[in-house]
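Chemist: Supplied in structure tokens, the structure appears directly below.
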Amino acid sequence: MNDTRQRIALLSKALDLLTDRPIKVMEVCGTHTVSIFRQGLRSLLPPSLKLVSGPGCPVCVTDQGEIDAAVSLAGINGVTVATYGDMLRVPGSGSSLMNERARGRDVRIVTSADQALEIARNEKTRLIVFVAVGFETTAPSTASVILDAHRDRISNFTVLDLHKAVPPALEALASDADIDLDALLLPGHVSVILGLSPYGFLPERYGIACAVAGFEAEEIMLGLVEVARQIKEGRPRVASLYGQAVRAEGNPFARSLVDRVFEPGDSSWRGLGEIPLSGYALREEYSSMDALKRLDISIRRTPPPDGCSCGEVLRGVMTPRECPLFGNLCNPSHPVGPCMVSGEGSCAAHFRFSAGGDDPWKR
Amino acid sequence: MCLAIPHRILRLFDDKRALASAGPVETEIRVDLVPGLEIGDVVLVHAGFAIERLLEEHGQEIEALWEEVRRMAGTGHE
Amino acid sequence: METLSIGHGAGGRLTEELVSLILGRFPGNPVADREDCAVLPGGIAVTIDGYTVTPLAFEGGDIGSLCICGSANDLSVRGAKPLYIALGVIVEEGFPFEDLARFMTSAGEVCRALGIELVTGDTKVVPRGQADGLFLTTCAIGKTGAHPGLGTRNISPGDVILLTSPPGMHGATIAASRYGLKVNGLSSDCAALWPMLETLLPLEGLKCMRDCTRGGLGTVLCEWAESAKVGIEIDETLIPWDEASISVCDLLGLDPLHMAGEGCAAVVVSPEEAEAALELAKNHPLGKRASIIGSVTEEHPGYVGIHTASGGTRLVDKPVGEELPRIC
Ligand code: SF4
């Protein structure tokens, strides 16, 4: 047995000892979800610990109407849509960016906002629409390239701004009596930017145990041990277990860039609906870079597909397997909802690692 | 939600760009979200941008928690 | 109207749908037996593959060497010695002669090394915009010898899974170049497997072999588990990972078990001869990192489980379509 396995076995044992009643923990972050699955951590958890996946994937929570807007933009002559790879499969009400690309629209995958701006610098005859998704971790990079484009007067660079803010969504989850969470595993990389103070209300007002954790198997298990301990002792707080990366004050400089470019705005989350002030709206000064204004497209609210339970899954009140569409009508080749689209969406993760049946290695 | 990987800074091109390595991978990254970076610093990189400098220590809370885990699970009872 | 997407070609579940759409239209109800090539009466083995790759030349190979190695490997894993090749060339107007000559030179070199003869071919030049530079199709023909019956149906519980080299190196190399990563020491594993696999053929306990191309090691194992109705368990810490490929996967959020190799074979062998097989593989330069990575079980038929480095166990599944880089 190697070292890591020994340490994790120890953590698993500690977790067993600490959970003497059923507890419900939500991992907020999709990267945690994927890591938990890839490492097979579920097979090491006590049966009394129920781990549910939260809204932590910016792809999952991108609203159908927002995808429709991106699809419409891709259909305009002369427009190049640039976005992150995980956005391509997300279904709108009729199409997806992947579909549009297959139909010959110019949709390109970038791995950084900087690459999108680079395309605009190099291809002056095309109008670039950067579909900007992501939470606090990603918004600073978008802000930074918007400032660059503004300074260098790159007039063919625009942004479809779909950025979202995590704390308002956590508030919505925490205050939902149906969900009834005991603990939250908080997202490490969002916290790198935000710091710890935005989470204070969770233990204070809602009595929810919290731990900011890293993404290695060991770090995730430690996070779970920490919240189990808080619950057992009846002393919820925000523990910081990702000290290498997360400072209490976060990254104030990155936040200041975000503040220069964006202001709080309402935003609609797939599954959670409209959450006040949970979005980052472009400030007036940069409105010439707003793809929607520039190309006169609007985001329309469309009802979710029939039977889709993404809302319930995202809120953690239903497991993916409980959705009537799971597996047969909704699967990774034909995703109905966003949770099936992204590799780390909770439905895709359950499908991928459990082949549509029950995970034979789950404890 | 946000994949971020540690990179070591190899060269600073200007105040915005640097060459950085993650193991054998060398990439150009943006460094303007973390002021004052120097060559040799290890940073977390998300979507092509350094978002924070990594410290070597894990922090007190982790150390304390590990101690407790060892005490608790190592001996078999609390 | 639903149209084909890139994912339909990625070797995962979407590809299965596409293949069954095609097969269903042919007389005699052909079934995809999921082997890499067909073995006809008289031990004649045939396979056909189309090759498109962006970029056309990459660290460790190019589309020319790829198209010969790929088809030759499909024969080799069924124990058939590659003998002849037919080549179809579809090239786009405006494509440089010099590049075409270079790719054909590398194709010719692989043929020379393996003693493969080019016996027929076809060329088409299509108008600009109708092909992405160059498409190659190769049909390879070979003959089975010492071990004519290799195939999925031989797999049974207790058997051992051997991997001849690190998985996913070709896929990682292509991904790195597509997404602009410079990686020291990263190179495609594109190689003809025949010289190494030939040495395994005398083993009586040899059951089945497969090259881990499109869809990666994960897909090969899943297909075995499904068709042979057995369980497969592998240990992540026993897989001979290539450090550079893993770094690329970590960075782009890709799953190394789903990345293609072009010179990497998974081998099923009886437990009695597992060590002998390992020894033989290791004696060849292509197999110097060969390793026994797991075994076939009676439990969990149809499923592949991996014991992870952290001591957990989870299921391995096939990729859905194209593996896309993620930020999240
Ligand atoms: S199975 Fe599909 S429709 Fe149901 S919750 Fe998951 S993604 Fe939504």
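The values are calculated or read from the model by the stated rules, or taken from the named source; none is laboratory data. Quick caveat, the model's predicted, so the values are computed rather than measured. So basically every Cβ, Gly included, is an ideal-geometry build from the backbone, and we count neighbours across all protein chains shown. These accessible areas exclude ligands, DNA and RNA; they are computed on the full protein's heavy atoms, side chains included. Shrake-Rupley method; radii C 1.70, N 1.55, O 1.52, S 1.80 Å.
Chemist: All but one of (1) open to solvent by 40 Å² or more (accessible area, probe 1.4 Å); (2) more than 17 Å from C:Gly261 (Cα to Cα) hold for C:Tyr179; which doesn't?
Modeler: (1)
Chemist: Report whether or not A:Glu171 is within 20 Å of the chain's Cα centre (by Cα), modelled with pLDDT under 95 and within 11 Å of another protein chain (Cβ to nearest Cβ). Spell out how you get there, then give the answer.
Modeler: Numbers: within 20 Å of the chain's Cα centre (by Cα): yes; modelled with pLDDT under 95: yes; within 11 Å of another protein chain (Cβ to nearest Cβ): no.
Considered against the rule, which asks whether it is within 20 Å of the chain's Cα centre (by Cα), modelled with pLDDT under 95 and within 11 Å of another protein chain (Cβ to nearest Cβ), A:Glu171 comes out as no.
Chemist: Please state which of the following conditions B:His58 fails to meet, knowing it meets all the rest: (1) more than 30 Å from A:Val61 (Cα to Cα); (2) at the interface with another protein chain (Cβ under 7 Å from one of its Cβ atoms); (3) open to solvent by less than 70 Å² (accessible area, probe 1.4 Å).
Modeler: Answer for B:His58: the failing condition is (3).
Chemist: Also, I was wondering about something else. Can you tell me which residues in the range A:221-254 are basic (Lys, Arg) and more than 10 Å from chain B (Cβ to nearest Cβ)?
Modeler: A:Arg235, A:Arg237
Chemist: Answer yes or no as to whether B:Ala20 is among the hydrophobic types (A, V, I, L, M, F, W, C) and exposed (fewer than 15 other Cβ atoms within 10 Å of the Cβ). It would help to see each step written out before you state the result.
Modeler: Working: among the hydrophobic types (A, V, I, L, M, F, W, C): yes; exposed (fewer than 15 other Cβ atoms within 10 Å of the Cβ): no.
So B:Ala20 does not fit the description; no.
Chemist: While we're looking at this one, here's another question. Go through the range A:69-97 and report how many residues are surrounded by 22 or more Cβ atoms within 10 Å (Cβ to Cβ) and of a type outside the set (Ser, Thr, Tyr).
Modeler: Selection size over the range A:69-97: 15.
Chemist: Residues of the range C:229-281 being within 14 Å of chain B (Cβ to nearest Cβ), in contact with a strand residue (DSSP E or B) (Cβ under 8 Å, 6 or more places away or on another chain) and open to solvent by less than 50 Å² (accessible area, probe 1.4 Å), which ones? Outline the logic, then answer.
Modeler: Here is the first cut: in the range C:229-281, the residues within 14 Å of chain B (Cβ to nearest Cβ) are C:241-256.
Among the residues that remain, those that are also in contact with a strand residue (DSSP E or B) (Cβ under 8 Å, 6 or more places away or on another chain) are: C:244, C:247-248, C:250-251.
Residues satisfying the conditions are C:Ala244, C:Ser247, C:Val248, C:Leu251.
Chemist: Just one of (1) touching an Asp or Glu at 6+ places or on another chain (Cβ under 7 Å); (2) within 17 Å of A:Thr138 (Cβ to Cβ) trips up B:Ala47, so point out which.
Modeler: The number of the failed condition is (1).
Chemist: Could I ask something else about it? For residues that are more than 10 Å from chain B (Cβ to nearest Cβ) and at pLDDT below 95, tally how many sit in the range A:134-153. Show your work before the answer.
Modeler: Kept after step one, since they are more than 10 Å from chain B (Cβ to nearest Cβ), are these residues of the range A:134-153: A:139, A:146, A:149-153.
With at pLDDT below 95 added as a condition, the list becomes none.
The number of residues fulfilling the criteria is 0.
Chemist: Quick one: C:Ser106 ticks every box in (1) touching a Ser or Thr at 6+ places or on another chain (Cβ under 6 Å); (2) closer than 22 Å to C:Asp36 by Cα except a single one, so which number is it?
Modeler: The number of the failed condition is (2).
Chemist: Taking the range C:37-58, which residues are open to solvent by 30 Å² or more (accessible area, probe 1.4 Å), within 11 Å of C:Phe135 (Cβ to Cβ) and of a type in the set (A, V, I, L, M, F, W, C)?
Modeler: Hit for the range C:37-58 is C:Leu56, nothing else.
Chemist: Now for a different question. Considering the range C:307-328 alone, what residues qualify as being open to solvent by less than 40 Å² (accessible area, probe 1.4 Å) and more than 7 Å from every other protein chain (Cβ to nearest Cβ)? Before you say what the answer is, go through the steps one by one.
Modeler: Residues of the range C:307-328 open to solvent by less than 40 Å² (accessible area, probe 1.4 Å): C:308-322, C:324-328.
Correct list: C:Val316, C:Lys318, C:Pro319, C:Gly321, C:Glu322.
Chemist: Here's another thing I want to ask about it. Condition check: open to solvent by 10 Å² or more (accessible area, probe 1.4 Å) and under 19 Å from the mean Cα position of the chain (by Cα). Does C:Glu226 satisfy that?
Modeler: On the way: open to solvent by 10 Å² or more (accessible area, probe 1.4 Å): yes; under 19 Å from the mean Cα position of the chain (by Cα): yes.
So C:Glu226 fits the description; yes.
Chemist: Would the range C:123-138 turn up any residue that is within 30 Å of C:Phe103 (Cα to Cα), buried (at least 18 other Cβ atoms within 10 Å of the Cβ) and outside the structural domain of C:Gly88 (by TED's automatic domain parsing)?
Modeler: no
Chemist: How many residues, within the range C:284-305, are within 7 Å of another protein chain (Cβ to nearest Cβ) and crowded, with 21+ Cβ neighbours inside 10 Å? Step through it out loud before you land on a result.
Modeler: Start the filter on the range C:284-305 by keeping residues that are within 7 Å of another protein chain (Cβ to nearest Cβ), which leaves C:300, C:303, C:305.
So of that shortlist, the ones also crowded, with 21+ Cβ neighbours inside 10 Å come out as C:303, C:305.
Number satisfying all stated conditions: 2.
Chemist: Inside the range A:237-251, can you point out the residues that are in contact (Cβ under 8 Å) with a residue 40 or more places away in the chain and farther than 14 Å from B:Trp66 by Cα? So that I can check it myself, show each step before the final result.
Modeler: Restricting attention to the range A:237-251, the residues satisfying the condition of being in contact (Cβ under 8 Å) with a residue 40 or more places away in the chain are A:238, A:240, A:242, A:245-251.
Across the range A:237-251, the qualifying residues are A:Val238, A:Ala245, A:Val246, A:Arg247, A:Ala248, A:Glu249, A:Gly250, A:Asn251.
Yes/no matrix, rows are residues, columns are (1) polar (S, T, N, Q); (2) out of contact with any helix residue (DSSP H, G or I) (no Cβ under 6 Å at 6 or more places or on another chain); (3) away from chain C (no Cβ under 14 Å):
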| position | (1), (2), (3) |
| --- | --- |
| A:Ser267 | yes, yes, yes |
| A:Glu284 | no, yes, yes |
| A:Ile299 | no, no, yes |
| A:Val313 | no, no, yes |
| A:Cys339 | no, no, no |
| A:Ser346 | yes, no, no |
| A:Ala349 | no, no, no |
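Chemist: Please enumerate the residues belonging to the range A:79-96 that are of a type outside the set (Gly, Ala, Ser) and part of a strand (DSSP E or B).
Modeler: Correct list: A:Val79, A:Thr80, A:Val81, A:Thr83.
Chemist: Could you say whether any residue in the range A:269-277 is away from chain B (no Cβ under 14 Å), closer than 19 Å to A:Thr138 by Cβ and surrounded by fewer than 18 Cβ atoms within 10 Å (Cβ to Cβ)?
Modeler: Yes, the range A:269-277 contains at least one residue that is away from chain B (no Cβ under 14 Å), closer than 19 Å to A:Thr138 by Cβ and surrounded by fewer than 18 Cβ atoms within 10 Å (Cβ to Cβ).
Chemist: Something else: Restricting to the range B:26-45, count the residues that are in contact with a helix residue (DSSP H, G or I) (Cβ under 6 Å, 6 or more places away or on another chain) and part of a strand (DSSP E or B).
Modeler: Qualifying residue count for the region: 1.
To keep it simple, each residue is scored yes or no on (1) touching a strand residue (DSSP E or B) at 6+ places or on another chain (Cβ under 9 Å); (2) part of a loop (DSSP other than H, G, I, E, B).
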position	(1), (2)
A:Ile8	no, no
A:Leu17	no, no
A:Thr33	yes, no
A:Arg42	yes, no
A:Val59	no, yes
A:Gly65	yes, no
A:Ala70	yes, no
A:Asn77	no, yes
A:Met98	yes, no
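Chemist: Quick check on my filter: what residues within the range B:18-62 are within 13 Å of the chain's Cα centre (by Cα) and among the basic types (Lys, Arg)?
Modeler: The one that is within 13 Å of the chain's Cα centre (by Cα) and among the basic types (Lys, Arg): B:Arg53.
Chemist: Return the pairs, sorted by first residue and then second, in which the second residue is aromatic (Phe, Trp, Tyr) and open to solvent by less than 20 Å² (accessible area, probe 1.4 Å), the first residue lies in the range B:27-46 and is at the interface with another protein chain (Cβ under 7 Å from one of its Cβ atoms), the beta carbons are less than 6 Å apart, and the residues are 6+ apart or on different chains.
Modeler: What qualifies is B:Arg30/B:Phe49; B:Leu33/B:Phe49.
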